[in-house]
Amino acid sequence: LYSHLNQRDSSIFYAKKAFEISKQLSQREGILNASTLLSTLYEPIDAKEALKFNKIATSLKDSLYGSANFQAIQTIIKQDEEHKKEIDNAKNIYQNKLKEYTIYSGAIILLVIALILYRHNSKEKRARIILQDKNKVIEETLNHLNATQTQLIQSEKMASLGELTAGIAHEIQNPLNFVNNFSEVSVELLDELKEEEEKGNKKEVIALANDLTQNLEKINHHGKRADAIVKGMLEHSRAGSGTKEPTDINKLADEYLRLSYHGLRAKDKSFNAGMVTNFDENLTLINLIPQDIGRVLLNLFNNAFYAVNQKQKVADLNYQPEVAVTTYSENGKVIIKVKDNGIGIPGAIKDKIMQPFFTTKPTGEGTGLGLSLTYDMVVKGHGGKIEVNSNVGEGSEFVIYLPMG
């Protein structure tokens, strides 16, 4: 009643009382109704409280009305994890193939060179034949190497897509919960509106209609949020045309920061880290290839969260893991900084981390291609620059410079 009269404080007071009494009496229906109402009441004024009661209501709905949807999501996540394992196996196979091709080509080249030296004094015609054979072998070897490299790059892209899956599943669940809850409340409001209309209570009809309008606006807002997440996933999965287009770099960075964090959380529930964003709100749209820069940011965020997670395992209780992203423009360039307070990078290997197949992660946790592809996409693909600042035990900072034109 107080909620329909727009007396929010009174409504929250009595809804909390109903919630506590229902808990004491173990009346799950009462707890569900009270927590659903409290989630709606807190939603515009206190997002944390709204989320808390929304989670309680969602949990009760699952236990009261079946878990088919939850089981379906669990199945999808399990399938994605199995798919990622398949991708990891494929990457290992590709790496082994590349090593075999490298050894094979090296042996052939050495053999050809030895033959050329041995037959140095042979007739000119014989020398030309040997040289032609040598060039043909080298060309074929290079073709094999290029094909293998292409396969490895595609494998790395698919691996990054697999890492996104867990984050997307978590990220998309929140707006879907809100859409479901507001839809259910709207149905109840429609029933009340019909009753008031039959009574001829015009004032109450108008009030209920206003509430319905607000609910529909919220449904629309959260629906667009879920739609944006799905579109982002689809854009990431596409190979891309290589065509630059006007892009909101702040939105791109914010999206991939949260997806990277939730992806790691899906694999390690005990992990927590602070996320800090310092975005220049005056940045204009920048011409770039969003799929490529999205992969660049995702890789840097994944590495940053990995670094703080590793440090958290050995640090004392006062350590607070944190990853920060900053954007601003300067001298005709857009600058993106990704900073963490993790384990840092030793100076001896700082110059090697952008080289293909070089990785500091344990076997099975990294391919050594992530930063190499990041470098290529920034420098070769966009004419930009990437710098690394790091101190062992204190953290790392990657700085990307992109031309605004």
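The values are calculated or read from the model by the stated rules, or taken from the named source; none is laboratory data. Given the structure is predicted, the values throughout are model-derived calculations rather than measurements. Neighbour counts run over all protein chains shown; Cβ positions are idealised from the backbone, glycine included. These area figures cover heavy atoms from the full protein model, side chains too; ligands, DNA and RNA do not enter into them. Shrake-Rupley method; radii C 1.70, N 1.55, O 1.52, S 1.80 Å.
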Can you say whether Asn135 is outside any helix (DSSP H, G or I), farther than 30 Å from Leu176 by Cα, open to solvent by 70 Å² or more (accessible area, probe 1.4 Å) and modelled with pLDDT of 70 or more, as far as the supplied structure shows? no
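Among the residues of region 101-132, which ones are of a type in the set (Gly, Ala, Ser) and not in a helix (DSSP H, G or I)? Steps first, answer last, please.
Within region 101-132, the subset of a type in the set (Gly, Ala, Ser) is 105-107, 114, 122, 127.
Result: Ser122, single match.
Could you tell me whether region 143-166 includes any residue that is out of contact with any strand residue (DSSP E or B) (no Cβ under 8 Å at 6 or more places or on another chain), at pLDDT 75 or above and assigned to a helix (DSSP H, G or I)? If you could, list the steps in order and put the result at the bottom.
To start, the set of residues in region 143-166 that are out of contact with any strand residue (DSSP E or B) (no Cβ under 8 Å at 6 or more places or on another chain) comprises 143-166.
Within this subset, residues satisfying the condition of being at pLDDT 75 or above are 143.
Adding the requirement that they be assigned to a helix (DSSP H, G or I) leaves 143.
Yes; the residues of region 143-166 include at least one that is out of contact with any strand residue (DSSP E or B) (no Cβ under 8 Å at 6 or more places or on another chain), at pLDDT 75 or above and assigned to a helix (DSSP H, G or I).
With respect to Tyr319, determine if the residue is hydroxyl-bearing (Ser, Thr, Tyr) and farther than 14 Å from Tyr261 by Cα.
Numbers: hydroxyl-bearing (Ser, Thr, Tyr): yes; farther than 14 Å from Tyr261 by Cα: yes.
So Tyr319 fits the description; yes.
Tell me, which residue of region 219-229 that is among the aliphatic types (A, V, I, L, M) and within 15 Å of Asn180 (Cα to Cα) is surrounded by the most Cβ atoms within 10 Å (Cβ to Cβ)?
Ranking the qualifying residues of region 219-229, first place goes to Ile219.
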For residues in region 199-208 being open to solvent by 40 Å² or more (accessible area, probe 1.4 Å) and in a helix (DSSP H, G or I), which is farthest from Asn6 (Cα to Cα)? Lys199
So which residues in region 334-388 are at pLDDT 85 or above, open to solvent by 20 Å² or more (accessible area, probe 1.4 Å), over 28 Å from Asn272 (Cα atoms) and part of a loop (DSSP other than H, G, I, E, B), if there are any at all? Gly383
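So that you can scan it fast, the table gives a plain yes or no per residue for (1) open to solvent by 60 Å² or more (accessible area, probe 1.4 Å); (2) modelled with pLDDT under 80; (3) farther than 18 Å from Ser3 by Cβ; (4) in contact with a Ser or Thr (Cβ under 8 Å, 6 or more places away or on another chain):
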{"position": "Phe178", "(1), (2), (3), (4)": "no, yes, no, no"}
{"position": "Asn181", "(1), (2), (3), (4)": "no, no, no, yes"}
{"position": "Glu184", "(1), (2), (3), (4)": "yes, no, no, yes"}
{"position": "Glu197", "(1), (2), (3), (4)": "yes, no, yes, no"}
{"position": "Thr213", "(1), (2), (3), (4)": "yes, no, no, no"}
{"position": "Glu217", "(1), (2), (3), (4)": "yes, no, no, no"}
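The rows are residues; the columns are (1) open to solvent by less than 30 Å² (accessible area, probe 1.4 Å); (2) at pLDDT 85 or above; (3) not small (Gly, Ala, Ser).
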| site | (1), (2), (3) |
| --- | --- |
| Ser10 | no, yes, no |
| Phe13 | no, yes, yes |
| Leu51 | no, yes, yes |
| Ile56 | no, yes, yes |
| Leu64 | no, no, yes |
| Phe70 | no, no, yes |
| Ile73 | no, no, yes |
| Lys78 | no, no, yes |
| Glu81 | no, no, yes |
Gln173 at pLDDT below 70 and more than 25 Å from Thr374 (Cβ to Cβ): yes
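Can you work out which of the residues in region 186-195 that are of a type outside the set (Asp, Glu) and crowded, with 16+ Cβ neighbours inside 10 Å is farthest from the chain's Cα centre (by Cα)?
Looking only at region 186-195, we keep the residues that are of a type outside the set (Asp, Glu), and these are 186-187, 189-190, 193-194.
Of the ones still in play, those that are also crowded, with 16+ Cβ neighbours inside 10 Å are 186, 189, 193.
Working: Ser186: 33, Leu189: 37, Leu193: 43 Å.
My answer is Leu193.
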For region 245-254, indicate whether the set of residues that are within 18 Å of Val296 (Cβ to Cβ), open to solvent by 40 Å² or more (accessible area, probe 1.4 Å), part of a loop (DSSP other than H, G, I, E, B) and at pLDDT below 85 is non-empty. no
